[in-house]
Amino acid sequence: MMANAQVRREAAYAADHDHLTNAWTRRAFISFAEQEHARAERRYNPLSLLVIDADHVKRINDTHGHALGDRVLRDIVMHTQEVIRKIDYCGRLGGGEFAVLMPDATQQTAMEVAARLRTALDRSLPLGPSTVPVAYTVSIGVATLALGETLAGLMARADAALHAAKAEGRNRVVSALLPPRVEPMSERGSERA
């Protein structure tokens with residue numbers, strides 16, 4: 001029975017974690033995001049989202065091979081998990097795109113974490129003792145839940161901010177604009193206190 005329980009735990013872990021990076025899978029991440037969104041709406045708590053994309057990962061794959069591209073993706077998750085809080089969720093959305101869900105984090109806190117993360121992920125990976133290291137950077141879009149906003153709306157704004165960061169030259173953090181005529185959850189929560 002103990003062996004059977006171990007097999008079930010391993011299967012559950014494999015279903016919820018990306019096999020390459022050990023980040024949460026997209027499906028598991030969205031499930032956590034739905035739960036945290038409902039909690040934030042119910043309690044008027046802030047909720048922030050970072051969408052992170054590895055800059056020029058296709059060029060790294062094409063120039064140095066997919067094995068090095070995979071090392072870059074694993075490195076991104078490892079260093080992201082060192083920067084974010086234990087209560088935050090890091091998930092792989094697909095390809096070189098990741099997301100960090102930050103419960104109870106205001107826009108200011110999310111921007112500060114994103115700035116630290118961008119700096120931590122401006123890195124070089126050594127290829128070997130006699131070769132030049134391969135450098136990589138990330139671009140990050142940040143959005144904080146607005147009052148009455150759907151999870152899909154929050155994700156779309158963070159994604160739009162990510163695209164703006166890439167359009168502005170990459171290796172930067174861009175904050176999403178609030179939707180028209182809404183206020184961030186953190187301001188609404190402070191009115192209730």
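Each reported figure results from applying straightforward, stated rules to the coordinates on display, with no laboratory input. In this text, all values refer to a predicted model and were calculated from it rather than measured experimentally. Because the Cβ atoms are built from the backbone with ideal geometry, glycine has one as well, and the counts that use them run over all protein chains shown.
On a 0 to 90 degree scale, rounded to 10, what angle separates helix 66-83 from the longest Cα axis of the chain? Approximately 40 degrees, to the nearest 10. Residues whose amide H comes within less than 5 Å of that of ASN171, counting only those at least five positions distant or on another chain, are VAL138, SER139 (H built at 1.01 Å from N in the peptide plane). Springs join every pair of Cα atoms under 10 Å in this Gaussian network model of the chain, and among MET155, MET78, MET102 the largest mean-square fluctuation is at MET78.
With the helix formula -39500 (n - 2.57) applied to DSSP H stretches of n ≥ 4, the chain reaches a computed 222 nm mean residue ellipticity of -16500 deg cm²/dmol. Select from the stretch 54-106 those trypsin sites (Lys or Arg not before Pro) which occupy a DSSP coil region and have at most 15 other Cβ atoms within 10 Å, ordered by residue number. Within the stretch 54-106, the qualifying trypsin sites (Lys or Arg not before Pro) (loop, at most 15 other Cβ atoms within 10 Å) are ARG85, LYS86.
Using Cα atoms only, what is the angle between the long axis of helix 107-120 and the major principal axis of the chain, expressed in degrees (0 to 90) to the nearest 10? Between helix and principal axis, roughly 10 degrees.
Helix 2-16 and the longest principal axis of the C-alpha atoms of the chain enclose an angle of approximately 80°.
Specify whether the C-alpha gyration tensor of the chain places it in the rounded, prolate or oblate class, a ≥ b ≥ c being the square roots of the eigenvalues: rounded for a/c under 1.5, otherwise prolate if a/b is larger than b/c and oblate if not. Don't skip to the end; give the middle numbers.
On the way: a/c = 2.35, a/b = 1.28, b/c = 1.84.
Judged from the Cα gyration tensor, the chain comes out oblate (a/c at least 1.5, b/c at or above a/b).
Per-residue Karplus couplings for the stretch 92-99, computed as 6.51 cos²θ - 1.76 cosθ + 1.60 with θ equal to phi - 60°, are listed in order as 9, 7, x, x, x, 10, 10, 9 Hz, Gly and Pro entered as x. Shape class for the stretch 1-72: oblate, because the ratio a/c of the largest to smallest gyration tensor axis (alpha-carbon atoms, square roots of eigenvalues) is 1.5 or more and b/c is at least a/b.
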